[in-house]
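Student: Pasting a structure here, questions to come.
What follows is calculated from the coordinates using simple rules that are stated; it is not laboratory data. It should be emphasised that the depicted structure is a prediction, and the values quoted were computed from it without experimental measurement. Heads up, the Cβs are rebuilt from the backbone with ideal geometry, glycines too, and the neighbour counts pull from every protein chain shown.
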Amino acid sequence: MAGPKVVKTTLNAGKGKMPDYADGAKAIFHYEVWKPKEWKEGMPTNRDDYTHVDSSRRDYPHGYGAPMEIVFGKKFAIVVFENCLRSMHEGERSQFDVEASELYSFPMTAKKLRDIAKARSSDPHHHHEHHHESHMCAAALAGGTGYPELDDLLKEPAPLRIIFEVLKVIPPGSYEAESWQLNADEKLKSVEEYRLNGNQLFKEGKIVEAIDKYREALGRLDTLLLREKPGDEEWNVLDNKNIALYLNLSQCYLKVGDMCEAEQTATEVLDRDENNEKALYRRAKARIARWNLDEAETDLSHLLVVSPSMAEMIEIERKLIVEKRKEKEKSQKNTAKNMMKALGS
């Protein structure tokens, strides 16, 4: 930490004793990054002499929009971030003036974080493994970031003033490991744990929370599938684990009234198992709710062949289709009648 390349100034002292920043410890913190407008002779003292570059407190597209988390010993791309944080207490807020030579990876890492924030803001169920990419290739750097203030730093590296606020430091083993921290066997085990947790939440009526668990399990399965060759036995075994997760998601989405997702997740099951009774039934219900009546009828006919014992349940849904068709026909007649009146007038 010590040395001319990084100069620390404590703004607000923290509390308690210095945390143990051993490998595996997790720090949760906020950061702000400022660039001096001129830096010929040291860093300016006046805040007005700086321009804002990045912040975890500012929403996309101006920052990450959430507290950052890094796990020590996992090769975070901006090494100086770890070094600065290791000097801080919980609750401490300090500024660090950092030479440009220590910040080569900052622009592209900040870009990745903003891209994650963009995905998170557009998809609340989006899960992205992040924070620990260790390098960027020259081609990526040449392409720029898409964010003007970061591109300026790529073109002309500059010293930066970085303000950290440490919210919490969690010792190793005291928190649930994230997906990127696990090896393949641990990740596969965690998929089943997430599925079971989702099942329990569903039983408790916590449907949205259950959806999050199932989605996380699917994301972890995806990373495992990327390691295998599609069609190989290992790949097929892993891919089949998607069935239970998508099936559970379909039921969840029916419960919360998201019929589009209910249909899509049931289709994911049927793409893998075309005769899956639960998926056929759930997709039919979702399609009825979405007024895709012919497609729903096709699913119910298929289901009757696959599972004749479900004839009574199928008949209930078919009656609903008949009622909806009558309702649709009546609505169309009224629309035509009103159009004729309008033309006649």
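Student: Here are labelled values, [x] 52, 27, 18; [y] 36, 22, 19; [z] 64, 22, 17, and one is the computed semi-axes √(5λ) of the Cα gyration tensor in Å for what I pasted. Which one?
Tutor: Here semi-axes √(5λ) of the Cα gyration tensor in Å agrees with entry [x].
Student: Note down the net charge around I28, summing +1 for each Lys or Arg and -1 for each Asp or Glu among other residues with Cβ under 12 Å from its Cβ.
Tutor: Around I28, the charge tally is -1.
Student: Take W235, W34 and order them by how many other Cβ atoms sit within 10 Å, fewest up front.
Tutor: Ascending number of Cβ neighbours within 10 Å: W235, W34.
Student: Report the relative contact order of the range 204-256, percent, no decimals, based on alpha-carbon pairs under 8 angstrom and at least 6 residues apart.
Tutor: About 49 percent, as a whole number.
Student: What angle, in degrees between 0 and 90 and rounded to the nearest 10, separates the Cα long axis of helix 293-306 from the longest principal axis of the Cα atoms of the chain?
Tutor: 80 degrees
Student: With labels modelled as points extended 7 Å from the Cα through the Cβ direction, what inter-label distance (nm, one decimal) is found for A184 paired with C260?
Tutor: Going by the 7 Å Cα→Cβ label model, 3.7 nm.
Student: Across the chain, where is the longest run that never hits GluC sites (Glu not before Pro) in a DSSP loop with at most 14 other C-beta atoms within 10 Å?
Tutor: By the stated rule (loop sites, at most 14 other Cβ atoms within 10 Å), 42-128.
Student: To continue, here is another question. Put a dot 7 Å past each Cα toward the Cβ at T223 and E295; how far apart are the dots in nm?
Tutor: For E295 paired with T223, the spin-label model returns 3.3 nm.
Student: Spin-label point model (7 Å from Cα, Cβ direction): what's the K8 to D232 distance in nm?
Tutor: 4.7 nm
Student: A further question follows. Quick one: net charge around E92, please, counting Lys, Arg +1 and Asp, Glu -1 for every other residue with C-beta under 13 Å from its C-beta.
Tutor: +4
Student: Please list 3J(HN,Hα) in residue order for the range 93-103, calculated via the Karplus relation 6.51 cos²θ - 1.76 cosθ + 1.60 where θ = phi - 60°; whole Hz, with x for glycine and proline.
Tutor: Result, ordered by residue: 10, 9, 10, 10, 8, 10, 5, 4, 5, 8, 10 Hz.
Student: When the Cα centres of the range 279-301 and the range 186-229 are compared, how far apart do they sit, in Å?
Tutor: Cα centres, the range 279-301 to the range 186-229: 26 Å.
Student: Just need the relative contact order of the chain here, percent rounded to a whole number, with Cα pairs under 8 Å and 6+ apart.
Tutor: That works out to 14 percent.
Student: For each of I116, I163, count neighbouring Cβ atoms within 10 Å of the residue's Cβ, then give the residues from fewest to most.
Tutor: If I rank by nearby Cβ atoms, fewest first, I get I163, I116.
Student: Moving on to the next point. How high is the relative contact order of the range 1-63? Use alpha-carbon pairs under 8 Å, at least six apart in sequence, and give a whole percent.
Tutor: Relative contact order for the range 1-63 comes out at 26 percent.
Student: Let me know the shape class of the range 211-345, please: from the alpha-carbon gyration tensor, a ≥ b ≥ c as square roots of the eigenvalues, rounded when a/c is under 1.5, otherwise prolate if a/b is greater than b/c, or oblate.
Tutor: It is prolate, given that a/c is not under 1.5 and a/b is the larger ratio.
Student: Relative to the longest principal axis of the chain, what angle (0 to 90°, nearest 10) does the C-alpha long axis of helix 277-289 take?
Tutor: Computed tilt is about 90 degrees.
Student: Then there is this: How charged is the neighbourhood of N197? Take every other residue with its Cβ under 10 Å from the Cβ of N197, and add Lys/Arg as +1 and Asp/Glu as -1.
Tutor: -3
Student: For D20, D239, which order do you get if you count the other beta carbons within 10 Å of each Cβ and list the fewest first?
Tutor: Going from sparsest to densest Cβ surroundings: D20, D239.
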